[in-house]
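Trainee: Here it is, the structure in full.
The values are calculated or read from the model by the stated rules, or taken from the named source; none is laboratory data. Keep in mind it's a predicted model, so treat the numbers as computed, not measured. Cβ sites come from the backbone with ideal geometry, for glycine too, and all protein chains shown count toward neighbours.
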Amino acid sequence: MLVTVLGSSGTYPTPENPASGYLVAAGTTVMLDCGPGTFPALLERGVVPDAIVLSHRHGDHCLDLLPLFNYLRFARTDVRRVPLLAPRGVVERLAAFVGAGADHPFFDVFAPLVIAPGESHRVGDISLEFGAAVHPVPALCIKVTADDVSLVYSGDTGPGGDLAGLSSGSDLLLCEATLQGPPPSDRYPYHLHAVEAGEVALAAGVGRLLVTHVSPTLDPAVSVREAAAKFEGRVDHAVPGMEVQV
Ligand SMILES: [Zn+2]
C-alpha cells in the first residue's frame, strides 16, 4: 500500500503546502479528503482516484472536489460514477454550490454514498472502515486495509471518539496534530495537540505515526518532537509529496 501526501496544511493551504488530501494506492486508488490545493497536486500526478472519501464538510477538507468535478465532467468523460463517500450533509452542500438538481452532471460524475460511523465499505482491492471523530460537524476517522496492511486517518478530531479503537494494531496512523504544547484545562475540544497524537499512537500500538494538519503558524518539527515524547515508534511530519510504503 502506497500512501502519498498531496497536502497536509492544517486549516488553510499555503504556497508550499495544500490543505488536507492523501492518496492511498493498493491496486485500487482512494483519495482521502480533497482540501484546497490538492486537485492541482492530483492533476500533476495524472491520477484519477477510484473513489473519494471526505472526512467532513469543513472547507479545508473538501473544497477541491469542485475543480475535480469540472475536470472529470469536461476533460475525463471516460470516468463516471466515481464513488464519493462522506458523512451526512457534505455532498448536498457541495452539490448545491454548483446548483445540482437530481439530474445534474454532478450525479453522473460522482456516485455519492452517505457514511455513518461503524459502517464499512469496499472499493476494489481496498476495504474501508469508519469511526466517529470528535468535531463540531459530522466527521469520520477512516481505516484503509489492503494487502494485509492498514492505515488509519484521523480526519479532524478532538480526544475521544473512535480513533484509538479503529487504529488498534494498524501499521500506520496518519493523525491530526493541529496544536502544540500541553492541552490547557480550557482546551479546544475538536482538535488534538501533538502530544495527544503520540498518546493515541501508543495506546493503539500502531507501527508508525505521521502527524498532519499541523497549524501553518507552528513549526512541525516541534509537533514531531512532542508526539515522539509519548510514542516510541517512528514519527514524521506528513510533508507534501511524501510517499510512504505501508
Ligand atoms: Zn474540521
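Trainee: Within region 163-186, track down each residue that is within 16 Å of the ligand (Cβ to nearest atom) and surrounded by fewer than 23 Cβ atoms within 10 Å (Cβ to Cβ). Full working, then the answer.
Mentor: Pass one, region 163-186, residues within 16 Å of the ligand (Cβ to nearest atom): 163, 174-179.
Across region 163-186, there are no qualifying residues.
Trainee: Same structure, new question: Would you call Asp171 of a type in the set (Asp, Glu) and closer than 28 Å to Ala41 by Cα?
Mentor: Working: of a type in the set (Asp, Glu): yes; closer than 28 Å to Ala41 by Cα: yes.
Considered against the rule, which asks whether it is of a type in the set (Asp, Glu) and closer than 28 Å to Ala41 by Cα, Asp171 comes out as yes.
Trainee: Still on this structure, please answer the following. Could you figure out which of (1) among the acidic types (Asp, Glu); (2) modelled with pLDDT under 95; (3) surrounded by 24 or more Cβ atoms within 10 Å (Cβ to Cβ) isn't true of Asp103?
Mentor: Only one criterion in (1) among the acidic types (Asp, Glu); (2) modelled with pLDDT under 95; (3) surrounded by 24 or more Cβ atoms within 10 Å (Cβ to Cβ) is unmet by Asp103, namely (3).
Trainee: Please indicate, with yes or no, whether at least one residue in region 92-110 is in contact (Cβ under 8 Å) with a residue 60 or more places away in the chain and part of a helix (DSSP H, G or I). Steps first, answer last, please.
Mentor: Filtering region 92-110 down to residues in contact (Cβ under 8 Å) with a residue 60 or more places away in the chain leaves none.
Among the residues of region 92-110, not one is in contact (Cβ under 8 Å) with a residue 60 or more places away in the chain and part of a helix (DSSP H, G or I), which makes the answer no.
Trainee: So, one more: Evaluate the following for Ser154: is it over 26 Å from Pro13 (Cβ atoms) and either surrounded by fewer than 18 Cβ atoms within 10 Å (Cβ to Cβ) or at pLDDT 95 or above (or both)? It would help to see each step written out before you state the result.
Mentor: Values: over 26 Å from Pro13 (Cβ atoms): no; either surrounded by fewer than 18 Cβ atoms within 10 Å (Cβ to Cβ) or at pLDDT 95 or above (or both): yes.
Against the criterion (over 26 Å from Pro13 (Cβ atoms) and either surrounded by fewer than 18 Cβ atoms within 10 Å (Cβ to Cβ) or at pLDDT 95 or above (or both)), Ser154 does not qualify.
Trainee: Select from region 139-158 the residues that are within 16 Å of the ligand (Cβ to nearest atom) and β-branched (Val, Ile, Thr) and write down the one among them that is nearest to Val200 (Cα to Cα).
Mentor: First pass over region 139-158, keeping only residues within 16 Å of the ligand (Cβ to nearest atom): 139-142, 153-158.
Applying the additional criterion that residues be β-branched (Val, Ile, Thr) yields 142, 157.
Details: Ile142: 15, Thr157: 12 Å.
Among those that are within 16 Å of the ligand (Cβ to nearest atom) and β-branched (Val, Ile, Thr), it is Thr157.
Trainee: Of the conditions (1) farther than 18 Å from Pro49 by Cβ; (2) away from the ligand (no atom under 16 Å from the Cβ), Ala132 fails just one. Which one is it?
Mentor: Only one criterion is unmet by Ala132, namely (2).
Trainee: Checking His193 against (1) away from the ligand (no atom under 16 Å from the Cβ); (2) in contact with a strand residue (DSSP E or B) (Cβ under 8 Å, 6 or more places away or on another chain), which single condition isn't satisfied?
Mentor: Single failed check for His193: (1).
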